[in-house]
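Peer 1: The structure's right below; bear with me while I get my questions together.
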Amino acid sequence: MGLEFAHALEMPAKLQYDGALYITLQNSLYRYFGAPGPGAFVTVGAVLAAIALAVLVRKHREPFRWTLTGALCLLIAFPLTFFLQIEPVNVVIEQANPEAVPANWEQLRHQWEFAHAINFLFTLAGFSALLMSVLVNPPFPPLPAYPGAKS
């Protein structure tokens, strides 16, 4: 979720940049967010872990519903939104440079930035659902009241 939150926080400023600066940032700032950097492993690992967790809790009705919801939200963020909306822009921008900005760079910028905002929302929803899966039927007993607590 951290990678997508970073993109969401950067969006207002990046929507103000001119084409040359935007291309420069896109081709330098995000090298480690995707493959072969650690960001790709974190993103893919999160999706795979959520799927594995859904399989593990499948016999527990309420936690399974929340876990499955979380996994589905993460699958919408990655790979669905990523490969349909973000990666096509990455391919074009990686071929550009500040001296040769694509004619449709503003459309590409909006597509990339807003797709990442959508990714953040789905990732946040997925994380929240996974958190709920633990809270609806916790795998641990409730904590005892501390001495002197009023009932």
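The values are calculated or read from the model by the stated rules, or taken from the named source; none is laboratory data. It should be emphasised that the depicted structure is a prediction, and the values quoted were computed from it without experimental measurement. Glycine gets a Cβ as well: all are built from the backbone with ideal geometry, and neighbour counts include every protein chain shown. Quick note on the areas: whole protein, heavy atoms, side chains included, nothing else; ligands and nucleic acids left out. Shrake-Rupley method; radii C 1.70, N 1.55, O 1.52, S 1.80 Å.
Peer 1: Out of all the residues in the range 63-121, which are in contact (Cβ under 8 Å) with a residue 60 or more places away in the chain and touching a Pro at 6+ places or on another chain (Cβ under 8 Å)?
Peer 2: Those that are in contact (Cβ under 8 Å) with a residue 60 or more places away in the chain and touching a Pro at 6+ places or on another chain (Cβ under 8 Å): I93, A96.
Peer 1: I would also like to ask the following. Just give me the residues in the range 82-133 being buried (at least 17 other Cβ atoms within 10 Å of the Cβ) and acidic (D, E), in sequence order.
Peer 2: Hit for the range 82-133 is E113, nothing else.
Peer 1: Additional query: Looking at the range 6-29 only, could you name the residues that are within 17 Å of L121 (Cβ to Cβ) and either in contact with a strand residue (DSSP E or B) (Cβ under 6 Å, 6 or more places away or on another chain) or surrounded by 14 or more Cβ atoms within 10 Å (Cβ to Cβ) (or both)?
Peer 2: Residues satisfying the conditions are A6, H7, A8, E10, M11.
Peer 1: Right, another one. Which members of the range 65-81 meet the condition of being surrounded by fewer than 19 Cβ atoms within 10 Å (Cβ to Cβ) and not β-branched (V, I, T)?
Peer 2: Residues satisfying the conditions are R65, L72, L75, P79, L80.
Peer 1: Could you tell me which numbered condition R58 fails, if it satisfies all but one of (1) open to solvent by 60 Å² or more (accessible area, probe 1.4 Å); (2) over 23 Å from L130 (Cα atoms)?
Peer 2: With respect to (1) open to solvent by 60 Å² or more (accessible area, probe 1.4 Å); (2) over 23 Å from L130 (Cα atoms), R58 is out only on (2).
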